[in-house]
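Q: What follows is a single structure, and I will ask about it in a moment.
The values are calculated or read from the model by the stated rules, or taken from the named source; none is laboratory data. Quick caveat, the model's predicted, so the values are computed rather than measured. Cβ: placed from backbone, ideal geometry, glycine included. Neighbour counts: every protein chain shown.
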Amino acid sequence: MRLMLPLLLPLVSGALLPLFRFRREGWRNAYVLFFTLLTSVLTLWLLLSGEALSLSVAEIYPGLCLAFRLDDASRLFAGLVAVLWPLCVLYGFAYMRHEERPNTFFAWYTMSYGVTLCCALSANLFTLYIFYECLSLVTLPLVSHKQDKASIRAGRLYIAYTITGAALGFIAMAVAMQYGLTLDFTPGGVLTGEAAQASAELLRWVWLLAFLGFGVKAAVLPLSAWLPAASVAPTPVTALLHAVAVVNTGAFAVMRVTYGTWGTELLKGSVPQGIALGLSCLTLLYASATAVRENHLKRRLAWSTVSNLSYMLMGLCLMTADGVTGALAHLVFHGLMKITLFLCAGAILTQTGLNHVREMGGLHRVMPLTCALFAIASVALVGTPPLVGFVSKWQLLTAAADLGGWMGLLAIASVILSSVLTAIYLFSAVGVMCFRPAGPALGSEPLQRREAPWEMWLPLCLLTLSLLALGVWSSPLLNLMRAASVSLF
């Protein structure tokens, strides 16, 4: 029950929220915040206990068991989600104050928390697949929440891509069940029997289908168009679900399938591995170049997310312990950096109504705190020491250098070039905000300060402090990541 309670709490409380019909905004906010904080406290308590817990809920069919497990890898992902969700909920209270249907929004938002935790704690491929698809269903109403033409189109595109990924993932699960000893995630993989060895080439190409299927949520090319389109959703959605929960679930699922089901011994040096690595590098370069050309701030950040997700996929495709460490480091640190940038963009939108970078001249005079926090997060994402972006990128570069060969050289070149493009699309936005004169979009002189309410700036300040602190003092967390990486082999 200790493992089940934090999974059920957000699911049940979110589903019951519309039934209460709160007459006052404060009552609804207190309800949502209470269950969100309680879920996070219970989750973090389990993670910090150090116990290796497992729970088998039901056997749906012989060999298909709904089960959950707490191990080193799931601790990192679940811990990230548990820390960030309450901050985004607090931010969402202020953001949704002037939006329609806040009860419906927070109901789906809270249930998404529970489904994400279920993905993080899945003990086998069947459980991961079930909740991976449930995550698509519970986040679809959030993507299309505004119910205008753009959001409905984004929702249709999102569900079309995820259904495609579901089909590819189902094929992979069926093949793994046929050739594997079990669907439980096992260090070194489960495809080690004689039948699997006899069909090794087939299994390698099926893994590539799994990489693409589960990589849909990680927005790997050619399945990445849904994520920039989803930037029309409210900022609490784009910040958390499309910079942390949904997209990181995609990268996390690729890691589980690669290292817990297929195993690297079957895949190393194969053509499918090279194709997957090539797609990852192509995605991170293409998305970075597209972000340079994008003038809409949230879409620019969305393309940046597409690029940075492929840093994680690239690290996983190196199929070394150091590569996995770099991928896990970027999963955690990119989540902190990108959520800060998205929340800054949302604060700018709510206080000024500005969406496009070219309109934001003089913004530092109107929102100095927000501009400063945006600049710090931008410096971190570029990979400037001693901030967290440097830590994860350095781990990936050293892993690629240790691997060597054409794969290592391709990874190194891609990371360096993408970092240059990242500096261009982020520093150009900072330059407009801080160094260009105010334009007509901000109104006539004298300019008045319009900083976001405390529910917005408090999470932003805490997140920025984490970027500084973890950059300087990252060793304990990196040691946990290395231990999680070694445990997968």
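Q: Only one of these conditions is not met by Ser428: (1) farther than 30 Å from Gly362 by Cα; (2) polar (S, T, N, Q); (3) over 23 Å from the mean Cα position of the chain (by Cα). Which number is it?
A: It is condition (1) that Ser428 fails.
Q: Now for a different question. Collect the residues in region 21-51 that are assigned to a helix (DSSP H, G or I) and without any contact (Cβ under 8 Å) to a residue 24 or more places away in the chain, keeping them in residue-number order.
A: Result: Gly26, Trp27, Ala30, Tyr31, Phe34, Val41, Trp45, Leu48, Ser49.
Q: Assuming Gly79 fulfils every condition listed in (1) outside any helix (DSSP H, G or I); (2) surrounded by 19 or more Cβ atoms within 10 Å (Cβ to Cβ) apart from one, which condition is it?
A: Going through the list (1) outside any helix (DSSP H, G or I); (2) surrounded by 19 or more Cβ atoms within 10 Å (Cβ to Cβ), Gly79 breaks only (1).
Q: Given (1) over 27 Å from Leu137 (Cβ atoms); (2) in contact with a Gly (Cβ under 6 Å, 6 or more places away or on another chain), where does Thr235 come up short, assuming only one miss?
A: In the conditions (1) over 27 Å from Leu137 (Cβ atoms); (2) in contact with a Gly (Cβ under 6 Å, 6 or more places away or on another chain), Thr235 misses (1) alone.
Q: In the list Met319, Met337, Met367, which residue meets the criterion of being of a type outside the set (Gly, Ala, Ser) and at positive phi?
A: Met319
Q: So is Ile348 within 19 Å of the chain's Cα centre (by Cα), more than 30 Å from Ala196 (Cα to Cα) and of a type outside the set (D, E, K, R) or not?
A: When the stated conditions are applied, Ile348 does not pass them.
Q: Here is a follow-up. Any chance you could count how many residues in region 108-134 are in a helix (DSSP H, G or I) and over 22 Å from Leu37 (Cβ atoms)?
A: 10
Q: Another question, then. Please return the ranges of helices (runs of 4 or more DSSP H) entirely within region 198-266 where 2 or more residues are among the aliphatic types (A, V, I, L, M) and surrounded by fewer than 24 Cβ atoms within 10 Å (Cβ to Cβ).
A: Filter on region 198-266 gives 200-214.
Q: Being farther than 20 Å from Val115 by Cβ, in contact (Cβ under 8 Å) with a residue 60 or more places away in the chain, more than 26 Å from the chain's Cα centre (by Cα) and part of a helix (DSSP H, G or I): is that true of Ala150 here? Before the answer, list the steps.
A: Working: farther than 20 Å from Val115 by Cβ: yes; in contact (Cβ under 8 Å) with a residue 60 or more places away in the chain: yes; more than 26 Å from the chain's Cα centre (by Cα): no; part of a helix (DSSP H, G or I): yes.
For Ala150, the condition - farther than 20 Å from Val115 by Cβ, in contact (Cβ under 8 Å) with a residue 60 or more places away in the chain, more than 26 Å from the chain's Cα centre (by Cα) and part of a helix (DSSP H, G or I) - is not met.
Q: Which condition number does Arg299 fail, the rest of (1) within 23 Å of Ala401 (Cβ to Cβ); (2) assigned to a helix (DSSP H, G or I) being met?
A: So the condition that Arg299 fails would be (1).
Q: Select from region 182-197 the residues that are within 22 Å of Tyr61 (Cβ to Cβ) and loosely packed, with under 14 Cβ neighbours inside 10 Å and list them in ascending order.
A: The answer is Gly193, Ala195.
Q: Here is a follow-up. In this structure, is Leu66 outside any helix (DSSP H, G or I) and in contact with a Phe, Trp or Tyr (Cβ under 6 Å, 6 or more places away or on another chain)?
A: Numbers: outside any helix (DSSP H, G or I): yes; in contact with a Phe, Trp or Tyr (Cβ under 6 Å, 6 or more places away or on another chain): no.
No.
Q: Please work out which residue is nearest to Tyr259 (Cα to Cα), limiting yourself to region 135-147 and to residues that are among the polar types (S, T, N, Q) and in a helix (DSSP H, G or I).
A: Filtering first and then ranking leaves Ser136.
Q: Conditions: (1) outside any helix (DSSP H, G or I); (2) touching a residue at least 40 places away in the same chain (Cβ under 8 Å); (3) touching a Gly at 6+ places or on another chain (Cβ under 8 Å). Ala167 meets all but one. Number of the miss?
A: (1)
Q: Those residues that are small (Gly, Ala, Ser) and closer than 20 Å to Leu203 by Cα, I need them from region 252-283; list them, please. Break it down into steps so the answer makes sense when it comes.
A: Going through region 252-283, the residues small (Gly, Ala, Ser) turn out to be 253, 260, 263, 269-270, 274, 276, 278, 280.
Matches in region 252-283: Ala253, Gly260, Gly263, Gly269, Ser270, Gly274, Ala276, Gly278.
Condition check ((1) under 22 Å from the mean Cα position of the chain (by Cα); (2) polar (S, T, N, Q); (3) outside the structural domain of Asn479 (by TED's automatic domain parsing)) across all residues:
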{"residue": "Val366", "(1), (2), (3)": "no, no, no"}
{"residue": "Leu369", "(1), (2), (3)": "no, no, no"}
{"residue": "Leu373", "(1), (2), (3)": "yes, no, no"}
{"residue": "Asp402", "(1), (2), (3)": "no, no, no"}
{"residue": "Gly408", "(1), (2), (3)": "no, no, no"}
{"residue": "Ser419", "(1), (2), (3)": "yes, yes, no"}
{"residue": "Phe435", "(1), (2), (3)": "no, no, no"}
{"residue": "Pro440", "(1), (2), (3)": "no, no, no"}
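Q: Please work out which residue is farthest from Pro228 (Cα to Cα), limiting yourself to region 140-181 and to residues that are crowded, with 17+ Cβ neighbours inside 10 Å and β-branched (Val, Ile, Thr).
A: Within region 140-181, the match that is farthest from Pro228 (Cα to Cα) is Val175.
Q: Could you please find all residues in region 315-336 being β-branched (Val, Ile, Thr) and not in a helix (DSSP H, G or I)? I'd like the intermediate steps shown before the answer.
A: Taking region 315-336 first, the residues β-branched (Val, Ile, Thr) are 320, 324-325, 332.
Across region 315-336, the qualifying residue is only Thr320.
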